[in-house]
Amino acid sequence: MDTLDNHQDGITASASVQLYSEAFPPLATGSSTELNGNHWPKAPSKIAPIKTSVTTQIVEISFEERRFKDTQNEFGSDQNKICAQVQQEHEVKIEISNNVRARSLTLLVTGRFDKVSNAVSELRKRLQTQAQSEVTVPAEFHRHLIGKQGGVLKEIKLKSGCEIFIPRENDANPNSIRLIGPKENIDKARHEILCIYDEVSKKATERLVIPKIYHPFIAGPYNRQLEKIMTENGVRVNIPPVHAQHDVDIVRVSGEKDGVVNACRIIRQLYQDALERCQTVNIEVSKSLHKFVIGPRGAGLQEILEATGVSVEVPPAEDPSETIVLRGEGTKLGVALTKVYEKADSYATCTVLAPTWMHRHLIGPGGENLQKVVGLPTHKAQINFLRGEDKIEIDGPKEQVVVIHKNLKAWVDDYVKRNTMVEVAVPREFHRHIIGKSGGTVNKIRETTGCTVRVPADIDGEDVVRIEGERDKVNLAREELMQIVNKQANERSKDLIIEHQFHRALIGQGGAKIAEIRDKYPDVLIKFPNADQNSDVVQLRGPRDQLANVEKLLKKAHTDLRDSSYEEKVRIGKAYHKDIIGRKGQTIAKIREETNTRIIMPDSGSQSDVITVVGKQKDVQKAVRQINDIEKVAANIVEEVVEIPARLHQGLIGHGGKLIRQLQDQHSGVRVHFPPASQPSDRVTVRGPKTEVKKAKAALQQLAEERLEDSQEAVIHAKPEFHPFLIGRQGQNAEQLRKATGARLVFPSLDERGKEGGDIITIIGRKEAVAKAKEMLEKQVKDLENTTEESVEVDPRWHKAFMERRGFYITQISQDFGGVQLSFPREPGSSRVVVKGPKDCVQGAIARIREIVDDLAARVTIEVAIPAIHHRSVIGRSGDNVRDICDQFDVSIKFPEFNRQQSQPSDANAAPAAAEVTANGGGENAAASGSETSSNPEGSGDATPSKADLVSISGRQEQCDKARQALLDLVPIEEQLDFPSEFHGQLIGRNGEGIRRLTNELNMAITIPSKAEHIVLNGTPKRVEAAKIRLQERLKELEAEKADQEARSFECKLDIPAQYHREIIGPKGANVRALQQKYEVRVNIPNPDKNSNEIVVIGYQDKAEAAAKELMAIKDKLENQVSAELFITHQVHPIIIGQRGKNLRSLVEKFDVAIDMPGRNAPSDAQNTVVVRGAQADVDNACDHLLDLAGEVIDRMIERGELDPRSLRPDAVSEQAEQPAQAQQQQQQQQPQKQGKKQQQHGGSGPGFVVRDAPWDQQQLASSEHFPSIGGGNGGPAPPPASGNGTAKPSAWSGPSNHN
């Protein structure tokens, strides 16, 4: 009780304590009014008004002070960018307005007051012309202007919007502070600087309160009177500027005391005189004329003040008032009034008609040309060029306006006579080509023609390009412009075949990689197919030269990607795969990390011995070497190298590797590795057992010698243009030479012909055959080098056919026949075609021309009806199918334009899928027309095919018939294949991967209907048949897998008591896992929660029964075990277990027993119990050893004072269980003291809300009646002392007992 009172007294000292009756007043029984009046305070009846924090300020900048005079509020101009930037930085709203007449700029700035003030200063600083001024402040006062960490100087800059440069100590003029900014801002900055200077100066300073309206009489005209006062008295007088917002009536005078006193006397006298003699007159003048009264930089007001002594007060621009106040002597007010009206009425306005395109030429660079045309060195007139209007407005003094109007009109009339402007409609997609890179193209046109080409901006949405210049030069510029447009209109396009899986890598993350190419070649359009299209075609379009560069870049990138996907297969004996994998996969993981490759091992159940390595070729070869080295060490493998010329490798390998496989089969365990074709080398590696490698090496060398005799080489040189003729059409000439001599010719590829060595032809074969072929080939080359010229008669009606398709036939003949030149006559009616080139080539070209003419004369057109819905599949991807048919049969095929509405049959009379229309042509009629179409198709019956279904084929009759059949073979058909629904899931695969892979492999559509015993195949007849064979094979595989699955599902159910399940599972499942791997079965053990004894073994019958037999043996062994319980205090358990169970595992292995230690969460009555299980003798030995070990450890702990001997008795457990309850009660009693101390230690604010005299304080806390004790207070008798080692064997170990 004393402790609690002391604690409460401590609370009183550090916290506000209330009585219980005050803290919790009783609820009133009267009205609610009494309740409110007595206890609860009323809420205030009025809410203080909230003042708005938003203000709007107007900023007007005259034309003379505007920094961007040629800006007409265009979107994206520098002026608008500055306003947008200030608006964002200062969190204000800015509205822009341009006065077209006065060309002034008005800004409305809205926002918080402090933000608006800073924004206005920034706008004036950046949008007004920058003036420069200096203010002199002694150097010793500069530190006061800078302030701590430059804070004062930053504030002055922010308020005034000026740049302030304070000189250094070693400058030539250390007292002169430079100010740069708009004039008004400079005045503000000077005012702020001088105010600070006056405040910190030790000189005398006087503040005079003089109304702002009398400041002009103190300063005098042009501030001359103020300067005189400052000069004569050696003082500084600071009069607030016109636009000041604070202390506008305060005039500060600072300097020497005597000078200040004298200056103040003079200023007061001037103010008194003005106050006595001044009168005012208010006049109304249109707001638009106020600027003329003010004049440039207030010169008009100063002029009137100087001439009459009258001050003219003009309202600010943001004030809508039109009243002007004149203040001065009554006798002078009339004169001043006259001068004000003169200035307002001395200005006139007129207009000059001038086309808009001419305005910029009239102004000239920096306005130089306009100044020359005006003809007045100095003038006060304003010339306004109205945007979008064909006129110019002039306002200013009347006499000046007349002169300027006359000069401008004369210049415009003369310019129109000499120059003109034309508009050319050019599609917007060509505008960027007209401009060129960095404007290079349009600048070139201007240099060559002297004309200006104006291309509209993209945001304008116009197609019209304007050309301005001299009349005779404009047409020339227009022609150059149209040449550019026509050139771009004839851009080239090309399709690249790049595997779909490489597209994402070529594009890069976020399109970064493809963006680099597009930035480098902006004129080339690169289009990748959508991901869902699964297409390999990448489309390019652009100028030919850029297109070629982009093609090279993409091909190089594609090659690099393909190189990183290099794959090599290595055959390693199945028995050595475990050596390559290593323990826990360490060996194969190390190889993967070192070589940066992907290594794919065959499935463990597979019979394949092929290991696949994927990555870059160099890395793959390194990984293969490491794998071979592992096999070499594990199987005593040797490796030898045989030097065989690279040209013989393909012949030694044989078609599909047939010959080399035969050699490997003849020599068991031998593997022969040839270098890849991309890296030609003469080194061939032979690996395998030592004796077999020696035999295989000898056999390989013998084969190479035999091949070498048949593989002699010779080369000759021939111009690349002769190669097509030497090869012949479809290789006929080269094939004839091979048959005649037995030698084979190797010609360079098209890409190699223009490079070094592109003229070399290689001859391969036996020695005699090579010599004979070389002689024949040299003779042909010599004949080709003799140029001749011959002519052939070709009917003029076929000349056009040779010119069509960009001269396809002419180009083909030139390429095939040694680069001969064909010249067709220009005279109408002439049939003589001249062929010039090597003699043999000329003869071949003439024969080819006659063959083409015969084909044209015999050309017919037939039609085949194919439903429009199948046209897309017949044409093939990118037209590949049709292109192949045209090339194979030398025909042309034309499909009708696709019409979605006609793609479906409209009625029952629609044309059948195989209906066809043929035409019999030839003879004179065919020769006259070039083609003939039958109007009555064969086999069409009464049904007339739709025009949308008719496909036209043109060519020779027999070739057209073959092409027609080829097209019909491409028409997709639909068939059903019996396929049990139970296998549909395996056919589809995970996430549809199986069916997707199958459709890509077969290149056709496969539909799997739900709940059906068949699947639907849709494709060409050949593909459907191939798919049926492939799917039937797959069905057999699935049925075999089903049968195997059923065989593997044999079950053996065993009844094994649940207490043995833990031993069967083993630590972390090791025992059951080993059993499953040994017999290739699955063992299902029930969860302990189910309290079930049934264990199920699933697998092949023989293996499942063997595994069940082993489990029953384990059960029998466990049933013969005994168990013993030992009392060993839990304090020594960690030492028995050891680090990570090392000691305990050692004991288990030593005595062949199982030792169960209590867990951390074991109940208090079981935490000292250790169970030992095993054979009788083993358990006895283990128990003796554990008790001896525990005794030694306990003795050491007691000697060190780390253990209480009383806690070692078994009956002490119950006493230990009672201790937590007593400790908890004691802790609850001490908790308030601890909390109070804790709060004091942490600097808390005390216990917080404390109440005294509460009902719970009225009871006696020490009363045993109110708080009886729990349990006996005296406890039991003293426990007997424990034995020396802290264990009692009769109570801890009762001897072995059978555990059933």
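The values are calculated or read from the model by the stated rules, or taken from the named source; none is laboratory data. What you see is a predicted model; the values in this text were computed from it and never measured. Every residue, glycine among them, receives a Cβ derived from its backbone with ideal geometry; neighbour counts consider all protein chains shown. Just so you know, the surface numbers come from the protein's heavy atoms only, side chains and all, with ligands and any DNA or RNA stripped out. Shrake-Rupley method; radii C 1.70, N 1.55, O 1.52, S 1.80 Å.
Of note:
- Average silhouette area of region 1001-1125, convex hull of alpha-carbon atoms, in square nanometres: 12.2 nm²
- Region 356-415, accessible surface, carbon-and-sulfur percent (1.4 angstrom probe): 53 percent
- Charge tally around GLU775: other residues with Cβ under 14 Å, Lys/Arg +1 each, Asp/Glu -1 each, net +2.
- In Å, descending, principal axis extents of the Cα set of region 550-709: 49, 44, 24
- Which listed pairs, of LYS632/LYS694; LYS69/LYS437; LYS1053/LYS1115; LYS527/LYS569; LYS93/LYS391, have C-alpha distances above 25 Å, in listed order: LYS69/LYS437; LYS527/LYS569; LYS93/LYS391
- Residues VAL54, VAL642, ordered by accessible area of protein heavy atoms at a 1.4 angstrom probe radius and largest first, appear as VAL54, VAL642.
- Charge tally in the Cβ shell below 13 Å around GLY879, where Lys, Arg are +1 and Asp, Glu are -1, GLY879 excluded: 0
- Rel. contact order, % - alpha carbon contacts under 8 angstrom, at least six apart, region 219-295: 21 percent
- Based on alpha carbons, the Rg and Dmax found for region 715-869 are 18.7, 60 Å.
- Accessible surface for region 104-204, divided over its residues, is 50 Å² per residue with a 1.4 Å probe.
- Using 0.36 nm per residue and subtracting the Cα-Cα separation, the extra length available between GLU60 and CYS350 on full extension is 101.9 nm.
- Gap separating the Cα centres of region 1125-1190 and region 318-392, nearest whole Å: 111 Å
- With all protein chains in place and a 1.4 Å probe, the accessible surface of region 953-1008 carries 42 percent carbon and sulfur.
- Calculated diffusion of region 204-349, Stokes-Einstein form, Kirkwood radius summed over Cα pairs, 25 °C and 0.890 mPa s, µm²/s: 152 µm²/s
- Dmax and Rg, reported as Rg then Dmax, of region 214-258 (C-alpha, Å): 10.9, 31
- Here each label is just a point 7 Å from Cα along the line to Cβ, and for ASN173 and LYS782 those points are 9.9 nm apart.
- For region 682-797, the spread of Cα positions along each principal axis, largest first, Å: 78, 30, 28
- Projected label distance in nm at LYS690 and ARG744, using a 7 Å step from Cα toward the beta-carbon: 4.0 nm
- Legend: translational diffusion of region 78-121 by Stokes-Einstein, Rh = Kirkwood radius over C-alpha pairs, 10 °C, 1.306 mPa s; D = 146 µm²/s.
- Column: log10 I(q)/I(0), Debye, Cα scatterers of region 380-529, q = 0.12 Å⁻¹: -0.73
- Placing dummy labels 7 Å off each Cα toward the beta-carbon, the span from ARG583 to THR448 is 8.1 nm.
- For region 778-884, the relative contact order works out to 28 percent when only alpha carbon pairs closer than 8 Å and six or more residues apart are counted.
- Packing, as the average of other Cβ atoms within 10 Å across residues, places the peptides 1159-1165, 79-85 in the order 79-85, 1159-1165, highest first.
- For peptides 852-863, 1189-1200, sequence by mean Cβ density within 10 Å, most packed first: 852-863, 1189-1200
- Size of electric dipole in region 54-201: Cβ of Lys, Arg +1 and of Asp, Glu -1, about Cα centre, debye, nearest 20: 280 debye
- Cα extents of region 83-160 along the three principal axes, largest first (Å): 49, 27, 17
- Accessible area per residue for region 456-521, computed on protein heavy atoms with a 1.4 Å probe, is 66 Å².
- In summary, region 938-1063 shows an alpha-carbon radius of gyration equal to 1.80 times the 2.2 N^0.38 Å reference for compact globular proteins.
- Accessible-area order (highest first, 1.4 angstrom probe) of the listed residues LEU105, LEU525, LEU750: LEU750, LEU525, LEU105
- The convex hull of the Cα atoms of region 532-576, projected and averaged over all directions, covers 5.7 nm².
- Packing rank of 1030-1036, 601-607, 1092-1098, 479-485, where each peptide gets the mean count of other beta carbons within 10 Å, highest leading: 1092-1098, 479-485, 1030-1036, 601-607
- Placing R0 at 51 angstrom, the Cβ-Cβ distance between GLN88 and MET803 gives a FRET efficiency of 0.20 after rounding to 0.05.
- When the inverse distances between all different Cα atoms of region 125-185 are averaged and flipped, the Kirkwood radius reads 12.1 angstrom.
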